[in-house]
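The values are calculated or read from the model by the stated rules, or taken from the named source; none is laboratory data. Please read all numbers here as calculations on a predicted model, not as lab measurements. Heads up, the Cβs are rebuilt from the backbone with ideal geometry, glycines too, and the neighbour counts pull from every protein chain shown.
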């Protein structure tokens, strides 16, 4: 089985590309979605309150907007958050992969695959690229946040120029190139 990492900067369209692969019957592990589920666990909540204070709790759960404001403006804080969540997500991923052994390949979709160093675990990397202006508008509309908030999140990610040479496949999601034909070509190469 080939283990594939699917990544791209915020607003690049990773989730859209992942959905196309899922339509082809490829199992996709959505790391960011799984990470959000771990935020609901009592032990994780206690750890987050211990590190970031009670402002990260809202009506008995994690206030993700407040948590984002704290961590996306502080490299040490984001590092702390990642040290709490990443081991849980990785363990979950390894168990998930074990259950998917009968597939030719599986994909993990994750925003900070390179930044976390976890890219080395994968046999192949697919990078979704997108012009920053388009990505910024997408995130502002999707998350209902300001341009400044989007930029704060973007500054914690490597630039695409650094990721491109480290990737095996590139999907250009720039509004000019169709995604489906690009994904179908990658899929063909992965099932050879």
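The table that follows gives values for the structure above.
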{"item": "Residue in the stretch 48-68 that is within 27 Å of residue 166 (Cβ to Cβ), under 16 Å from the mean Cα position of the chain (by Cα) and either without any contact (Cβ under 8 Å) to a residue 12 or more places away in the chain or loosely packed, with under 14 Cβ neighbours inside 10 Å (or both) present", "result": "no"}
{"item": "Selected residue (criterion: surrounded by the fewest Cβ atoms within 10 Å (Cβ to Cβ)) from residues of the stretch 149-172 that are within 15 Å of residue 134 (Cβ to Cβ) and in contact with a helix residue (DSSP H, G or I) (Cβ under 6 Å, 6 or more places away or on another chain)", "result": "150"}
{"item": "Qualifying residues in the stretch 26-40 (those that are assigned to a loop (DSSP other than H, G, I, E, B) and modelled with pLDDT of 90 or more) - the one farthest from residue 94 (Cα to Cα)", "result": "26"}
{"item": "Top-ranked residue of the stretch 1-26 - restricted to ones that are out of contact with any helix residue (DSSP H, G or I) (no Cβ under 8 Å at 6 or more places or on another chain) and farther than 25 Å from residue 83 by Cα, ranked as surrounded by the most Cβ atoms within 10 Å (Cβ to Cβ)", "result": "18"}
{"item": "Subset of the stretch 166-189 (residues that are part of a helix (DSSP H, G or I), under 19 Å from the mean Cα position of the chain (by Cα) and over 12 Å from residue 6 (Cβ atoms))", "result": "166, 179"}
{"item": "The lone exception for residue 78 - which of (1) surrounded by fewer than 18 Cβ atoms within 10 Å (Cβ to Cβ); (2) touching a residue at least 40 places away in the same chain (Cβ under 8 Å); (3) over 30 Å from residue 184 (Cβ atoms); (4) touching a helix residue (DSSP H, G or I) at 6+ places or on another chain (Cβ under 6 Å) it fails", "result": "(1)"}
